[in-house]
Structures are given as structure tokens and as C-alpha cells.
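The values are calculated or read from the model by the stated rules, or taken from the named source; none is laboratory data. The shown structure was predicted, so the numbers you read here are calculated from the model rather than taken from an experiment. No Cβ is skipped: glycine too gets one built from the backbone with ideal geometry, and neighbour counts run over all protein chains shown. Note: areas computed on protein heavy atoms with side chains; ligands, DNA, RNA excluded. Shrake-Rupley method; radii C 1.70, N 1.55, O 1.52, S 1.80 Å.
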Amino acid sequence: MKIKLSFWKLVFFFLMAAGVYATYVRFAKGLGPSTNLSDQFPWGIWIGFDVLCGVMLAAGGFTLTAAVHILNIKRLKPIVRPTILTAFLGYVLVSVALLFDLGKPYNIWHPLIMRNPHSVMFEVAYCVMLYTAVLSLEFAPIVLERFNLQKPLKIIRAVLIPLVIGGVILSTLHQSSLGTLYLIMPEKLHPFWYTPLLPVFFFLSAIAVGLAMTIFESSMSAKHFGRQLELPIIQELGRVLLVVLSVYGILRFEDLLHRGVLKLLFQPSYETYLFWLELTLALILPLALLTQKKVRMTAGGLYVTAVLVVLGFITNRLNVSITGLEGSAGVRYIPKWTELAITAAIIAAGFALFGLATKYLPIFPSETEHVAHEPEVVVGSEVLSHAGD
Amino acid sequence: MSKAILYDATLCINCKQCEAACAEKNQLRYDDAVAAEDRQSEHKFTVVLAKGDKYMRRLCMNCADPACASVCPVAALRKTPEGPVIYEASRCMGCRYCMVACPFGVPKYEWNKLVPRVQKCTMCSDRVEAGKQTSCADACPTGATKFGERDELITEAQQRLHDNPGKYVNHIYGLNEVGGTSVLLLSSVPFEEFGYRTDLTRDPLPLFTYRVLSRIPDFIPLGGVVLGGVWWITHRREEVAAEEEPPKKTVFYPSSDPSQGDRRAK
Ligand code: SF4
Ligand code: SF4
Ligand code: SF4
């Protein structure tokens, strides 16, 4: 255990060091020298992965708050906090990534006073901004509780339901709008991915990924913090995931059918291979697995499925934002090391912050609830000594 | 009212006077090396392409309903009533959505600058506003590049097509492409030869996103009521229970205990 922890520590510091150096290159030399972006290919992985995938991976926040607070599914309550934490960290990190990508990051606040309501990006900017505010309010009780501040806690609890409703609406809007971003380029985006249904697909897949991420996180925290969600909860998530994926799959198939793209699926090409990769990871394998009772009922099986779904939809976002545009741009885009280093550092920071938060804040339904309170002091100080692992 | 540029490739002699005039107008370097470059860039807003003795100009089409302006979150790009699509660098935050959205791949970026700008032909908007013609039209010795009222130029282009059967490809490029543009092109060889796509939609591109965006104001109250309603229904049972029993302290999060445990331990 000790060796394993210091190995990850080493990886973490290596990634952070590379990230710091890459940050220096980015801001001292500019976008040109620090990226492989060009006039032909102006958006790379900072948009395709950090922003598109980042927002998608944070979708568990609104999915679970809606399930628990609106649909009143009480069994899922114990996992609301970890998903809110993930979502909050996710959005903060997306904003950080955006600062790297924008040519003039210090103008990031401009949409506040310079409005263009016809721009999808403008709408996304507002939704993300407001939703991050909502998330920090949803997250605040966890911190307030830790320090036992009852007054502000009461206020937030009183407005929790309107807050949750607002959060769900804002999420629906910007999760789908990230797909709408690409509707303006019917001639540029490859027909595998360009469809008027892009917003619907982005929204549905965000829900699927939100569920998958919750399953994934639960297993991760079981490994690293010895805390795990009860199997029945994960099984329930698996069931919902199966339904969402089936709906998505059918819609996706019907869309390809009606747009007459199905025949293209069997013509060998760069796009075809990556399309099949996406489909296999996001739909074919997870559906095959989830329909097996053996898989759906075990934590291990659900974990594997969740990882596949997450990887599959990451492939989907990268296909929409990169693969699908390479053909019309007439160039191949491969990210530069600096782009990868900054992305990796941001992910590493996300993991570290998640780890820290679960240690210091009441995130997981801790076992201490069922155990006497006295031994917790010991647990607490041990946790402190591992800070930053 | 709206102005336009008509470029007739059959009159062009590849003298590149338009390139030079454009560089001078926009205070860009222009020498033999730049003249030899055959693609638009952040330092070259217009190029004359040559294939044998056939020529073709490339410049911003200054679309009637420009995708670039529609996607810009801060309205740094704007279509003026006179025709030009202009750019205000101080508003721009450098998201480069305009570059991704433009169907002609026109906007270019100053990748190597620390304070980068989007760069493109803005149809000499200051000159046009002052009632003058664009620098490139001004410099053109043969009249291949002609500036004028869009309506009149369309009539003239149609006349040229009509009077010279077989000379031209029977198509005024820019008349209907993406809803029409303020740059109109005539050519004797297919436009695709010079990279102009002829399979572009006739709908203005901003429509494609607007169809979705325009639903949002309707969606918000609807979503609010549906979600609120579902909440009201799903929590009804608890309300009933609460009325029958003496009220219990409701805690939204079940794990408020650890913090209290902490305190007690101290
Ligand atoms: S050609 Fe491109 S840059 Fe020029 S106005 Fe049209 S959309 Fe904008
Ligand atoms: S790069 Fe500048 S001009 Fe282009 S869309 Fe973004 S903010 Fe607007
Ligand atoms: S209209 Fe003006 S800016 Fe555009 S190509 Fe001609 S000279 Fe250059």
C-alpha cells in the first residue's frame, strides 16, 4: 500500500512539473509555439477533450441531484455528494482549461457585457457560469457542515429545491448546446456525426456518462479510501444506464438510417474506423454486457461497463470535435506535447483535489455513522498524514 | 443599398495589383515572397490563384448573413448595412469559433503573437462607409474586380452570362451560397478547381443554430414547471405523513453526523 501510494505521488508530481513548464511555454510564447493548432485546425484537444469531455464527465451532478431531490429516489441519496463534488471540480477545471485555450484569456469576462444572444457559445458561457454558481451553492453545505455553520446551512436548505431545478435546466441547456455548437458547420463536419439531432445526442450521452462516472467513482473510492457504495445502489444505476444507452442507441441508429449514412459505415476510411471504435466502446460492448444478468449484478462487471461507456463517449466527443473535421480541413491534427501536458496536469489536479476533498469533508456516507464516534480522531489524524497522496 | 464586389476571372491578368493594394491598405508587408504565397493568411487577406492561364481571387466573401458574426459570443464580428463584415479586436477573446464556423475558411489567427487577433478582409469598411470603392477594386487595371451596388452587379453578371454563352460556367458564385454573399464571382472553369465548394447550402448558416437556440426561452419556464411539478408530486406522500405526525427535523443530507462527531471528540 505504501509503495503504491508513493508511486502515484511520483506520477502526480511529474505531471504537475510537466504542466507547469507547459504553462510557461503557453503564456510566454503564445498559442502557435505551444500547440499544433493552425488556421486549418483552430480547435484541438483543449476544446475537444478538456471542455467537451470535461463538461460531459461532470454530468453526474445534475443527473443525481435530479434523481434524488426531484424524483425523490431516496436510495440514491448517499451518492449525491460525490457527484456534486465531481461536477464542481469538473466545471472549475473546464474554466481553467478555457483560460489556456483562449487567445486572450483576460477577456474571458467579455460575454458579461458584450452580448450576442445568437451565438451558441454565448449561451454556453452563460449557462456554465450560472451552473458553476449553482454547483458551488449545492457544494457549500458540505463545507458549512464540516465547520458546523448552521445559519448559512439553513438558508441554502431553504432554497435547495429551486436551486436544484435551476441547475437541472441549466445543465440540460448547456450539455445539449455543446452539440449545437457544431450545427453551424453542416458542410464541414463528417456525416457520421453531423446531424440536426446533435444537441439531443449530447444531452442523452451526458446522462449516460453521468451515471457511468458515478459507478466508476464509487469503485475508485472503494479502492483508495476504503469507502464504497452499497451494491444495490450501483445495480440500480446500472439498470438506468442500460435504459439510457438503449434509447440513445436506437435514436442514433434511426438517425443514421434516415440520413442515408448507413452504407458509409462499411466503406473503409479513417472516419469509419474511429466511428466503429466509438460505437463499440460506447454502445455495443456496454449493451452486450449490461443485458447479462451476471454482469449487471456484480460490482466488477458494472465497473468495467462504466469504464467502457466513459471511454466510448470520450471517443464520441473527440470524433465530433477532431476526427469529423479533419477531412474538410484537409489536415491531420495531432496534439503537441504541451497540449497533452496541460491536459494531463489538469486531470491530475482533478484527482488530487477529489482525494483531498473526500478526506477533509463529509463527502461519502462514512462508516463512522455506524461506528462509535470516538475512534474517528485516530482516522482523522492518519488521513492528515497522507494529505496530498 | 448594400455594396458588393464582382470579380470576373475571365478579365483577370494575374497582375496581383489587388494583393499589393490590399496589403498597403491594411498595413501589411508585401514583397516578392509574400506575392508568391498562394493562400490567405494572417498577413495576406486576398490571393490571386493561378492554374495555367486561368485565375481566381480569394478573399472574405462578406456573407449577407455571416456564420462568423453569428457565432461570435462577444459580437466582435459584425455585418454592416453597407455590406462589409467588420472585426473589433478589443472585444475579441480569441475563442476562434469564427474560424471553425466560416464555411470558406476565411478568418486567420495571429498564432505567434501574445496578443493575437483574428485577421481577414473586412471589405475596406472605412472606405466603403466614406463612399469610396475598395482598394482592390480601385487598383484593378482591367475591371476584373469591380465594386458597386450588389443589385446592379448581379444584373451585370447575369448580362455577361447571357451575352457570352459558353464563355462562363453558368453560375454566379455568391448569389445564393449560404444565403448570398457580398462578393460575387464569375469564372470560365468550375469553381471547385480553385477550392470553392459548390455544394454549399442556400440557407444562411446561422439558421441551423438559431432553430435550436430560439427554443430556449420557451424551454426554461416549461422545464421549471415540469420539474417543480414532479417534485411536488413525488414529495406529496411525505407532506401527508408530516401532517399526521409531529414534525421531525428534516435533513437533506444524511451525513451531517461526522462533523458533530468531530466536535465532540475535540
Ligand atoms: S466568408 Fe467567412 S469570414 Fe467572411 S463573412 Fe462569410 S463567414 Fe465571415
Ligand atoms: S475569436 Fe474573437 S472574433 Fe472570433 S468568435 Fe471568438 S471572440 Fe469572436
Ligand atoms: S476589399 Fe479591401 S480588405 Fe478586402 S481584399 Fe479588397 S482591398 Fe483587401
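Within the stretch B:49-68, the residues that satisfy the criterion of being more than 17 Å from B:CYS124 (Cα to Cα) and either away from ligand 3 (no atom under 16 Å from the Cβ) or over 11 Å from the mean Cα position of the chain (by Cα) (or both) are B:LEU49, B:ALA50, B:LYS51, B:GLY52, B:ASP53, B:LYS54, B:TYR55, B:MET56, B:ASP65, B:ALA67.
In the stretch B:94-104, how many residues are aliphatic (A, V, I, L, M) and either surrounded by fewer than 24 Cβ atoms within 10 Å (Cβ to Cβ) or closer than 22 Å to B:LEU184 by Cα (or both)?
Going through the stretch B:94-104, the residues aliphatic (A, V, I, L, M) turn out to be B:99-101.
Imposing the further condition that a residue be either surrounded by fewer than 24 Cβ atoms within 10 Å (Cβ to Cβ) or closer than 22 Å to B:LEU184 by Cα (or both) reduces the set to B:99, B:101.
Matching residues across the stretch B:94-104 total 2.
For the stretch A:98-131, residues that are more than 10 Å from chain B (Cβ to nearest Cβ) and surrounded by 19 or more Cβ atoms within 10 Å (Cβ to Cβ) total 3. Within the stretch B:12-28, residues that are open to solvent by 40 Å² or more (accessible area, probe 1.4 Å) have Cβ atoms under 6 Å from residues that are in a helix (DSSP H, G or I) and away from ligand 1 (no atom under 16 Å from the Cβ) in these pairs: B:LYS16/B:ALA35; B:GLN17/B:ALA139; B:LYS25/B:SER135, counting only partners at least 6 apart in sequence or on another chain. Cβ separations smaller than 6 Å between residues 6+ apart or across chains give the following pairs from the stretch B:206-218 residues that are touching a residue at least 40 places away in the same chain (Cβ under 8 Å) to residues that are open to solvent by 50 Å² or more (accessible area, probe 1.4 Å): B:PRO206/B:ASP65. For the stretch A:157-178, the tally of residues that are within 9 Å of another protein chain (Cβ to nearest Cβ) and open to solvent by less than 30 Å² (accessible area, probe 1.4 Å) stands at 11.
Let's see how each residue does on (1) within 15 Å of ligand 1 (Cβ to nearest atom); (2) in contact with a strand residue (DSSP E or B) (Cβ under 9 Å, 6 or more places away or on another chain):
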{"site": "B:ALA67", "(1), (2)": "yes, no"}
{"site": "B:ARG96", "(1), (2)": "yes, yes"}
{"site": "B:PRO103", "(1), (2)": "yes, yes"}
{"site": "B:TRP111", "(1), (2)": "no, no"}
{"site": "B:LYS120", "(1), (2)": "yes, yes"}
{"site": "B:GLN133", "(1), (2)": "no, yes"}
{"site": "B:ALA137", "(1), (2)": "no, yes"}
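Residue-by-condition table, conditions (1) in contact with a Phe, Trp or Tyr (Cβ under 8 Å, 6 or more places away or on another chain); (2) in contact (Cβ under 8 Å) with a residue 12 or more places away in the chain; (3) assigned to a helix (DSSP H, G or I):
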residue	(1), (2), (3)
A:GLY238	no, yes, yes
A:SER246	no, yes, yes
A:LEU251	yes, yes, yes
A:LYS263	no, no, yes
A:PRO268	no, no, no
A:GLU271	yes, yes, yes
A:LEU274	no, yes, yes
A:ILE284	no, no, yes
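Considering each residue of the stretch A:244-259, count those that are within 12 Å of A:PHE192 (Cβ to Cβ) and either surrounded by fewer than 13 Cβ atoms within 10 Å (Cβ to Cβ) or of a type in the set (Asp, Glu) (or both), and give that number.
Count: 1.
Only a single item in (1) in contact with a Lys or Arg (Cβ under 6 Å, 6 or more places away or on another chain); (2) open to solvent by less than 40 Å² (accessible area, probe 1.4 Å) is not met by B:GLU42, and it is number (2).
Does the stretch B:70-82 hold any residues that are more than 16 Å from ligand 3 (Cβ to nearest atom) and under 22 Å from B:TYR173 (Cβ atoms), and which are they?
Filtering the stretch B:70-82 down to residues more than 16 Å from ligand 3 (Cβ to nearest atom) leaves B:70-76, B:81.
Within the stretch B:70-82, B:SER70 is the sole residue that qualifies.
Out of all the residues in the stretch A:37-53, is one or more in contact (Cβ under 8 Å) with a residue 12 or more places away in the chain, away from every other protein chain (no Cβ under 14 Å) and closer than 20 Å to A:LEU170 by Cα? So far as the stretch A:37-53 goes, yes, one or more of its residues are in contact (Cβ under 8 Å) with a residue 12 or more places away in the chain, away from every other protein chain (no Cβ under 14 Å) and closer than 20 Å to A:LEU170 by Cα.
Yes/no per residue for (1) open to solvent by less than 30 Å² (accessible area, probe 1.4 Å); (2) over 30 Å from B:GLU42 (Cβ atoms):
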residue: A:LEU10; (1), (2): no, yes
residue: A:PHE13; (1), (2): no, yes
residue: A:ALA17; (1), (2): no, yes
residue: A:TYR24; (1), (2): no, no
residue: A:PRO33; (1), (2): no, no
residue: A:TRP43; (1), (2): yes, no
residue: A:LEU52; (1), (2): yes, no
residue: A:MET56; (1), (2): yes, yes
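Restricting the stretch A:144-156 to residues that are open to solvent by 50 Å² or more (accessible area, probe 1.4 Å) and among the aliphatic types (A, V, I, L, M), which is farthest from B:GLY223 (Cα to Cα)? Here the residue is A:LEU149. Does the stretch A:313-321 contain any residue that is open to solvent by 70 Å² or more (accessible area, probe 1.4 Å) and part of a helix (DSSP H, G or I)? No: zero hits. For A:SER218, state whether it is among the hydroxyl-bearing types (Ser, Thr, Tyr), assigned to a helix (DSSP H, G or I) and open to solvent by less than 30 Å² (accessible area, probe 1.4 Å). Yes.
Pick out the one residue from A:GLY61, A:GLY19 that is within 19 Å of A:ALA345 (Cα to Cα), part of a helix (DSSP H, G or I) and more than 10 Å from chain B (Cβ to nearest Cβ). It would help to see each step written out before you state the result.
Details: A:GLY61 fails: within 19 Å of A:ALA345 (Cα to Cα).
Among A:GLY61, A:GLY19, only A:GLY19 is within 19 Å of A:ALA345 (Cα to Cα), part of a helix (DSSP H, G or I) and more than 10 Å from chain B (Cβ to nearest Cβ).
Within the stretch A:132-147, being within 13 Å of chain B (Cβ to nearest Cβ) and without any contact (Cβ under 8 Å) to a residue 12 or more places away in the chain holds for one residue alone: A:PHE147.
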